[in-house]
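The values are calculated or read from the model by the stated rules, or taken from the named source; none is laboratory data. In this text, all values refer to a predicted model and were calculated from it rather than measured experimentally. Cβ coordinates were reconstructed from backbone atoms using ideal geometry, including for glycine residues, and neighbour counts include every protein chain displayed.
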Amino acid sequence: MASNEPKYTVAYRDVKHPRLEFKTGTLLVVLPRGKETPQQTIAKYRSWIKRKQQIIDAALKEAHSKSLDTKRSEDQLRMLARRLAQTAQVSLHVTVKKIYFRKMRTKWASHSKNNNLTVNTLLKFLPTGLIEYVIFHEVAHGIERKHNSHFWSVIDKQFPDHENKEGDLLTYWFLVQKQIGQ
């Protein structure tokens, strides 16, 4: 690894195209077997990597000024998430079949193609407003699966400050990892 290259790990998978992930704050280079080298991929996406690293560095710095809600229990999170999901379903005219709760390693929540919602139990440490945003965001995937302009226009109607919320979620992600661990 050259001295000017960022630290990274490589995973070879059955994918068509290389991809870069920063899900846990560490750069992961996902490559198809026998195609480009990690160095070629990093060189090609150097400016994206630099921008993403600056965002992560800012979130890490911001995390020092935040604190976790350590009073909310998992049962309280479950009740809150179910209530918020019901409100979002009515607002968005979509249906969530089931809601599951588990500790997740790389995301706050997910919405399956079968219209099930999985909620990361670590959400219990976040402010209520961010939990509300996460649940609404995931329920909105019942309208649009991808993070495209249509999806963000749906989000924008309820959360015009969604970009700030996304930044706060990243900050809290690192805070939770540091204080609670995975």
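Taking (1) under 20 Å from V154 (Cα atoms); (2) in a loop (DSSP other than H, G, I, E, B) in turn, R72 satisfies each apart from (1).
Does any residue of the range 4-13 turn out to be exposed (fewer than 14 other Cβ atoms within 10 Å of the Cβ), in contact (Cβ under 8 Å) with a residue 40 or more places away in the chain and either aliphatic (A, V, I, L, M) or in a helix (DSSP H, G or I) (or both)? Among the residues of the range 4-13, not one is exposed (fewer than 14 other Cβ atoms within 10 Å of the Cβ), in contact (Cβ under 8 Å) with a residue 40 or more places away in the chain and either aliphatic (A, V, I, L, M) or in a helix (DSSP H, G or I) (or both), which makes the answer no.
Scan the range 138-154 and tell me whether some residue there is basic (K, R), under 19 Å from T95 (Cα atoms) and in the same structural domain as R83 (by TED's automatic domain parsing). Walk me through how you get there before you give the answer.
Filtering the range 138-154 for residues basic (K, R) gives 145-146.
Then drop every residue that is not under 19 Å from T95 (Cα atoms), which leaves 145-146.
From what's left, in the same structural domain as R83 (by TED's automatic domain parsing): 145-146.
There is at least one residue in the range 138-154 that is basic (K, R), under 19 Å from T95 (Cα atoms) and in the same structural domain as R83 (by TED's automatic domain parsing).
Yes or no, residue by residue, for (1) closer than 26 Å to L170 by Cα; (2) β-branched (V, I, T); (3) under 18 Å from the mean Cα position of the chain (by Cα); (4) modelled with pLDDT under 85:
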| position | (1), (2), (3), (4) |
| --- | --- |
| S3 | no, no, no, yes |
| V10 | yes, yes, no, no |
| D14 | no, no, no, no |
| F22 | yes, no, yes, yes |
| G25 | yes, no, yes, yes |
| G34 | no, no, no, yes |
| T37 | no, yes, no, no |
| A43 | yes, no, no, no |
| I49 | yes, yes, yes, no |
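When you look at A81, is it buried (at least 16 other Cβ atoms within 10 Å of the Cβ), modelled with pLDDT of 85 or more and closer than 19 Å to F125 by Cα, yes or no? Considered against the rule, which asks whether it is buried (at least 16 other Cβ atoms within 10 Å of the Cβ), modelled with pLDDT of 85 or more and closer than 19 Å to F125 by Cα, A81 comes out as yes.
Taking the stated definitions as given, is Q53 surrounded by 11 or more Cβ atoms within 10 Å (Cβ to Cβ), modelled with pLDDT of 95 or more and assigned to a helix (DSSP H, G or I)?
Details: surrounded by 11 or more Cβ atoms within 10 Å (Cβ to Cβ): yes; modelled with pLDDT of 95 or more: no; assigned to a helix (DSSP H, G or I): yes.
The answer is no for Q53.
Annotation note: Cβ proximity below 9 Å between a residue of the range 167-182 that is farther than 19 Å from K52 by Cβ and assigned to a loop (DSSP other than H, G, I, E, B) and a residue that is modelled with pLDDT under 85 and hydroxyl-bearing (S, T, Y) (sequence gap 6+ or interchain) occurs for Q182/T24.
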